[in-house]
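K.L.:
Below is one structure. I have some questions about it.
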Amino acid sequence: MAVKIRLARAGAKKAPFYRIVAADTRMPRDGRFIEILGRYNPRTNPSTIELDVEKTQAWIDKGAQMTETAAKLFAIASDPDAKAPEKKAKISKKAAAKAAAEVEAAEKAKADAEKAKAEAAEAKKAEAEAKKAEAEAPAEEAPAEEAAAEGGE
């Protein structure tokens, strides 16, 4: 009898978790198994890996073959410094386009605000210059008006 250490799927539809089992190679994936060696839940972040390393090593010593995935999980579980795989966030094309549009709109609003701020500063500067010119102009025109008023009398 050939024994494989592999994953057996369990859980609800679209919410899987796996048992790491020692099973006869002739049995179906989720079918009869010899022994449960551990559990693997990829839906948590980081993934949860509970594996009895000693039992697994005993099965390997007896000649059991590991599947590729089971071997990766065994390597992570047996190495105390290894980290469980973390799930990468998948973003749909529509969501990515929406996020890009929001970023672009925010940048445009920021640029418009900067432009408005610069225009306000220009207007304030022009107003200050106009007041300054207005304050200087009556002082120069006053003697001319007085001279015209004296000459007319």
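The values are calculated or read from the model by the stated rules, or taken from the named source; none is laboratory data. The structure displayed is predicted, hence computed values, not measured ones. All Cβ positions, even for glycine, are placed from backbone atoms using ideal geometry, and neighbour counts span all protein chains on display.
K.L.:
Taking the condition among the hydrophobic types (A, V, I, L, M, F, W, C) and either crowded, with 17+ Cβ neighbours inside 10 Å or at pLDDT below 90 (or both), does Ala84 pass?
P.N.:
Details: among the hydrophobic types (A, V, I, L, M, F, W, C): yes; either crowded, with 17+ Cβ neighbours inside 10 Å or at pLDDT below 90 (or both): yes.
Yes.
K.L.:
Filter the range 25-37 down to the residues that are closer than 15 Å to Thr56 by Cα and not hydrophobic (A, V, I, L, M, F, W, C) and list them by number. Explain how you work it out, then say what you get.
P.N.:
Our first condition is that a residue be closer than 15 Å to Thr56 by Cα; within the range 25-37, this holds for 33-37.
Selection gives Glu35 alone.
K.L.:
Just wondering, is there one or more residues in the range 108-123 that are touching a strand residue (DSSP E or B) at 6+ places or on another chain (Cβ under 7 Å) and without any contact (Cβ under 8 Å) to a residue 60 or more places away in the chain? Talk me through it step by step, then tell me what you get.
P.N.:
Here is the first cut: in the range 108-123, the ones touching a strand residue (DSSP E or B) at 6+ places or on another chain (Cβ under 7 Å) are none.
No: the range 108-123 contains no residue that is touching a strand residue (DSSP E or B) at 6+ places or on another chain (Cβ under 7 Å) and without any contact (Cβ under 8 Å) to a residue 60 or more places away in the chain.
K.L.:
Next up: Going through the range 14-49 one residue at a time, which ones are more than 22 Å from Ala89 (Cβ to Cβ), surrounded by fewer than 13 Cβ atoms within 10 Å (Cβ to Cβ) and either within 39 Å of the chain's Cα centre (by Cα) or in contact (Cβ under 8 Å) with a residue 60 or more places away in the chain (or both)?
P.N.:
Pro28, Arg29, Gly31
K.L.:
Okay, next question. Which numbered condition in (1) modelled with pLDDT under 85; (2) under 22 Å from Met1 (Cβ atoms); (3) touching a helix residue (DSSP H, G or I) at 6+ places or on another chain (Cβ under 7 Å) is the only one that Leu37 fails?
P.N.:
Unmet condition: (1).
K.L.:
Out of the residues in the range 3-13 meeting the condition of being without any contact (Cβ under 8 Å) to a residue 60 or more places away in the chain and in contact with a strand residue (DSSP E or B) (Cβ under 7 Å, 6 or more places away or on another chain), tell me which one is surrounded by the fewest Cβ atoms within 10 Å (Cβ to Cβ).
P.N.:
Taking the range 3-13 first, the residues without any contact (Cβ under 8 Å) to a residue 60 or more places away in the chain are 8-13.
From the residues that got through so far, the ones that are in contact with a strand residue (DSSP E or B) (Cβ under 7 Å, 6 or more places away or on another chain) too are 8-11.
Working: Ala8: 17, Arg9: 10, Ala10: 13, Gly11: 12.
Restricting to residues being without any contact (Cβ under 8 Å) to a residue 60 or more places away in the chain and in contact with a strand residue (DSSP E or B) (Cβ under 7 Å, 6 or more places away or on another chain), the top hit is Arg9.
K.L.:
Something else: Ala133 passes all but one of (1) of a type in the set (A, V, I, L, M); (2) exposed (fewer than 10 other Cβ atoms within 10 Å of the Cβ); (3) within 33 Å of the chain's Cα centre (by Cα); which number fails?
P.N.:
(3) is the only condition that Ala133 fails.
K.L.:
I would also like to ask the following. Condition first: part of a helix (DSSP H, G or I), surrounded by 10 or more Cβ atoms within 10 Å (Cβ to Cβ) and of a type in the set (A, V, I, L, M). Can you find one or more residues in the range 54-63 that meet it?
P.N.:
Yes, the range 54-63 has at least one match.
K.L.:
What about Ser78, is it among the hydroxyl-bearing types (Ser, Thr, Tyr) and within 18 Å of Arg39 (Cα to Cα)?
P.N.:
Numbers: among the hydroxyl-bearing types (Ser, Thr, Tyr): yes; within 18 Å of Arg39 (Cα to Cα): yes.
Yes: the conditions hold for Ser78.
K.L.:
Pull up the range 64-75, narrow it to residues that are in a helix (DSSP H, G or I) and touching a Lys or Arg at 6+ places or on another chain (Cβ under 9 Å), then point me to the one that is nearest to Val21 (Cα to Cα). Show your work before the answer.
P.N.:
Of all residues in the range 64-75, those in a helix (DSSP H, G or I) come to 68-75.
Then drop every residue that is not touching a Lys or Arg at 6+ places or on another chain (Cβ under 9 Å), which leaves 69-70.
On the way: Thr69: 12, Ala70: 9 Å.
Restricting to residues being in a helix (DSSP H, G or I) and touching a Lys or Arg at 6+ places or on another chain (Cβ under 9 Å), the top hit is Ala70.
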